[in-house]
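Peer 1: Below: one structure in structure tokens.
Derivation of every value follows stated rules applied to the coordinates shown; laboratory data play no part. Everything quoted here is computed from the prediction, not taken from an experiment. A quick note on method: Cβ atoms are made from the backbone with ideal geometry, for glycine too, and the neighbour counts reach across all protein chains shown.
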Amino acid sequence: MQSEQSDYERYKREIYRIGWRVQYRAKKLRKSECPIYEFNTMGVSFTEESDLKITLQQLMEELSEKDREILLSIYVKGYTETELAKIYNMSQQAVNKWKRKTIKRISQTPISMH
């Protein structure tokens, strides 16, 4: 009886650990940014896509080197904010704040169409 109880407790703990890992991975995936290469451009015409690329290039040129590198690392290279925090020796919250400020600045930048 004691052996059955200890086996039951061991399996129960192991199932709990597996469930925790699955929940943790799901939460990590929900929080991660969508890299630009996973962005679906189906349904967008070639000229619209080209215009978007030119506009994006113009906006990126307006940014400082660090702003540009953080955005490229998150949206193109697929880094997480936590990974960038370790690289830049700052907190994850600081990376998030930097990213949000940069995106806000970009969204308020007037775009010149040539």
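Peer 1: Whole-Hz Karplus ³J(HN,Hα) for segment 20-27, in order, using 6.51 cos²θ - 1.76 cosθ + 1.60 and θ = phi - 60°, x for Gly and Pro?
Peer 2: 5, 4, 4, 5, 4, 5, 5, 5
Peer 1: Multiply the residue gap between Tyr8 and Gln92 by 0.36 nm, knock off their C-alpha separation, and tell me the result in nm, one decimal place.
Peer 2: Gain on extension, Tyr8 to Gln92, equals 26.3 nm.
Peer 1: Let me ask something else. If R0 is 41 Å, what FRET efficiency do you get for Glu48 and Ile15 from their C-beta distance, rounded to 0.05?
Peer 2: E between Glu48 and Ile15, to the nearest 0.05, is 0.25.
Peer 1: Rank by packing, highest mean first: peptides 69-75, 97-103, with packing defined as the count of other Cβ atoms within 10 Å averaged across residues.
Peer 2: Most protected by this proxy first, the peptides run 69-75, 97-103.
Peer 1: Also, quick follow-up: Could you sort 58-64, 6-12 so that the peptide with the highest average Cβ count within 10 Å comes first and the rest follow in order?
Peer 2: Averaged packing, sorted descending, gives the order 58-64, 6-12.
Peer 1: Could you give the length gained on full extension between Ser64 and Arg100, defined as 0.36 nm per residue of separation minus the Cα-Cα distance, in nm?
Peer 2: Contour length minus Cα-Cα distance gives 11.5 nm.
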